[in-house]
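The values are calculated or read from the model by the stated rules, or taken from the named source; none is laboratory data. Here the structure is a predicted model, which is why all the values come from computation and not from measurement. Every residue, glycine as well, gets a Cβ built from its backbone with ideal geometry; the counts of neighbours run over all protein chains shown. In case anyone asks, the SASA skips ligands and DNA or RNA and just uses the protein heavy atoms, side chains included. Shrake-Rupley method; radii C 1.70, N 1.55, O 1.52, S 1.80 Å.
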Amino acid sequence: MSASVTVRAPGKVNLQLSVGPVGADGYHPLATVFQAISVDETVTATVRSDDSITVTVTPDHRGVAEADTVPVDDSNLAVRAAIALRDTYGIDAGVDLHITKGVPVAAGMAGGSADAAAALVACAQVWDLDADASSLAGIAASLGADVPFALHGGTAVGTGRGDQLTSVPCATELTWVLATQRQGLSTPAVYAEFDRVSARTDDGSGTVLVGGVPQANDALLTALSDGDIAAVGGLLANDLQQAALTLAPHLTDVFDAARRVEVVGVMVSGSGPTVAALASSRDHAAEVADYLRSVRVADRVLIAAGPAPGARLV
Ligand code: C5P
């Protein structure tokens, strides 16, 4: 048993986020295409001699994440992951968790989910548990809809709550320019705004539903497997985008600016407020990022590449 291990897990963007009508459990059926990207959360787990579980959080070297806004009590997703793992295996071990945040907080990029995924892998290792991928995935799904994808990584279709994953091929690197805001958006609030608009219009989204369930866009999957960046850019679609723009109207300035520098595609990432612009190359991404910084439409601008691997030991 190692006394201490470090695990890295990725943030994500959703290239497609199609949302069906809310179910009795309060969750919405999704068809989403996730891509893991090269902004990471890092969790170091150090085994304790008692049964306490502690967590500390610091920003990574880029300083893009508001680490001081993350809770350090039992509501922290990494702590919840450690407790869920311990309960599943019926042990009473303790651990000190240290999170180094590289994913902006409440940004629509699943940073908290990445913490949970990294904590599951790290604790399984330091507690010497014989936990295979499918049992970790089951615990991950109980922690949040995006946690299984942070374990999985790569590019994948998510159905159900977004937690039922099927890998899909992506034949090229995609370079994303991420315009982030210090003031985050609450995911439940964005879904509630989506519900409000959908209730008025029957279907707020325009999403194709089969038996009330949204479907992954085959044209997008083909563009990804062909490595056709221009086609991918034209097919980006997020049903939560209008709700995020209603709650954070200043984001339209980011869209206008991104379009002025002719990005390949642009969308709100997940439930926002991050706006993700797809560039045609790394050089183009650097130009787009410089421009977005110069017009001051975002608090920070990052460049990230996808697909990136899921939670892994470092
Ligand atoms: O699963 P997670 O805790 O990340 O979800 C946060 C919130 O997002 C949920 O409480 C719910 O309001 C909303 N959500 C949803 N449908 C999904 C995923 C999330 O309504 N498929």
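Give 63, 23 a once-over and let me know the one that is of a type outside the set (D, E, K, R), over 30 Å from residue 196 (Cα atoms) and part of a loop (DSSP other than H, G, I, E, B).
63
Residue 29 versus (1) farther than 25 Å from residue 170 by Cα; (2) open to solvent by 30 Å² or more (accessible area, probe 1.4 Å); (3) within 16 Å of the ligand (Cβ to nearest atom): which is the lone unmet condition?
Residue 29 satisfies all of (1) farther than 25 Å from residue 170 by Cα; (2) open to solvent by 30 Å² or more (accessible area, probe 1.4 Å); (3) within 16 Å of the ligand (Cβ to nearest atom) except (1).
Would you mention how many residues in the stretch 50-88 are touching a residue at least 12 places away in the same chain (Cβ under 8 Å), open to solvent by 70 Å² or more (accessible area, probe 1.4 Å) and not acidic (Asp, Glu)?
6
Residue-wise test of (1) in contact (Cβ under 8 Å) with a residue 40 or more places away in the chain; (2) closer than 25 Å to residue 187 by Cβ; (3) touching a strand residue (DSSP E or B) at 6+ places or on another chain (Cβ under 7 Å).
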position	(1), (2), (3)
229	yes, no, yes
235	yes, yes, no
243	yes, yes, no
252	no, yes, no
255	no, yes, yes
265	no, yes, yes
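Can you tell me which residue within the stretch 163-188, out of those that are of a type in the set (S, T, N, Q) and within 14 Å of the ligand (Cβ to nearest atom), is farthest from residue 133 (Cα to Cα)? Break it down into steps so the answer makes sense when it comes.
Restricting attention to the stretch 163-188, the residues satisfying the condition of being of a type in the set (S, T, N, Q) are 164, 166-167, 172, 175, 180-181, 183, 186-187.
Imposing the further condition that a residue be within 14 Å of the ligand (Cβ to nearest atom) reduces the set to 164, 186-187.
Working: 164: 14, 186: 30, 187: 27 Å.
Ranking the candidates gives 186 first.
For the stretch 11-26, how many residues are surrounded by 16 or more Cβ atoms within 10 Å (Cβ to Cβ) and within 16 Å of the ligand (Cβ to nearest atom)?
Number of matching residues: 11.
Condition test on residue 37, is it open to solvent by 30 Å² or more (accessible area, probe 1.4 Å), away from the ligand (no atom under 16 Å from the Cβ) and among the hydrophobic types (A, V, I, L, M, F, W, C)?
Details: open to solvent by 30 Å² or more (accessible area, probe 1.4 Å): no; away from the ligand (no atom under 16 Å from the Cβ): yes; among the hydrophobic types (A, V, I, L, M, F, W, C): yes.
No, not satisfied.
Residues to consider are 112, 160; find the one that is closer than 19 Å to residue 6 by Cβ, within 11 Å of the ligand (Cβ to nearest atom) and open to solvent by 20 Å² or more (accessible area, probe 1.4 Å).
On the way: 160 fails: closer than 19 Å to residue 6 by Cβ.
Selected residue: 112, the only one of 112, 160 that is closer than 19 Å to residue 6 by Cβ, within 11 Å of the ligand (Cβ to nearest atom) and open to solvent by 20 Å² or more (accessible area, probe 1.4 Å).
Only residues in the stretch 24-40 that are modelled with pLDDT of 95 or more count as the first member; pair them with residues that are of a type in the set (S, T, N, Q) and away from the ligand (no atom under 16 Å from the Cβ), Cβ under 9 angstrom, at least 6 apart or cross-chain, and list the lot.
Listed by first residue and then by second, the contacts come to 31/217; 33/155; 33/217; 34/155; 35/155; 36/155; 40/100.
Considering each residue of the stretch 97-136, count those that are in a loop (DSSP other than H, G, I, E, B) and in contact with a helix residue (DSSP H, G or I) (Cβ under 9 Å, 6 or more places away or on another chain), and give that number. Steps first, please.
Narrowing the stretch 97-136 to residues in a loop (DSSP other than H, G, I, E, B): 102-110, 127-132.
If we keep only those that are in contact with a helix residue (DSSP H, G or I) (Cβ under 9 Å, 6 or more places away or on another chain) as well, we get 102-106, 108, 110, 127, 129-131.
Final tally of qualifying residues: 11.
What pairs come out if I take residues in the stretch 133-151 that are free of Cβ contacts under 8 Å to residues at least 60 places away in the same chain and pair them with residues that are within 11 Å of the ligand (Cβ to nearest atom) and of a type in the set (D, E, K, R) whose C-beta lies under 6 Å away, six or more apart or interchain?
141/163; 148/163
Kindly list, by first and then second residue, each pair from a residue in the stretch 188-199 that is aliphatic (A, V, I, L, M) to a residue that is crowded, with 16+ Cβ neighbours inside 10 Å and assigned to a helix (DSSP H, G or I), limited to pairs with Cβ atoms under 6 Å and residues at least 6 apart or on different chains.
Matching pairs, first to second residue: 190/243; 190/244.
Do you know which of the residues in the stretch 256-314 that are outside any loop (DSSP other than H, G, I, E, B) and among the β-branched types (Val, Ile, Thr) is farthest from residue 109 (Cα to Cα)? I'd like the intermediate steps shown before the answer.
Within the stretch 256-314, the first condition is being outside any loop (DSSP other than H, G, I, E, B), and the residues that meet it are 256-260, 265-268, 275-279, 282-294, 300-306, 309, 312-313.
The next check asks that each one be among the β-branched types (Val, Ile, Thr); those that pass are 266, 268, 275, 288, 301, 303.
Details: 266: 15, 268: 10, 275: 10, 288: 20, 301: 14, 303: 13 Å.
This residue is 288.
If you go through the stretch 219-255 one residue at a time, how many are of a type in the set (A, V, I, L, M, F, W, C), in a helix (DSSP H, G or I) and open to solvent by 20 Å² or more (accessible area, probe 1.4 Å)? Steps first, answer last, please.
If we filter the stretch 219-255 for residues that are of a type in the set (A, V, I, L, M, F, W, C), which is where we start, we get 219-221, 223-224, 229-232, 235-237, 240, 243-245, 247-248, 251, 254-255.
Those still in the list that are in a helix (DSSP H, G or I) too: 219-221, 223-224, 229-232, 235, 243-245, 247, 251, 254-255.
Pick out the ones that are also open to solvent by 20 Å² or more (accessible area, probe 1.4 Å) and you get 219, 221, 229-231, 235, 245, 247.
The qualifying residues number 8.
How many residues are more than 14 Å from the ligand (Cβ to nearest atom) and surrounded by fewer than 19 Cβ atoms within 10 Å (Cβ to Cβ) if we restrict to the stretch 138-153?
Selection size over the stretch 138-153: 1.
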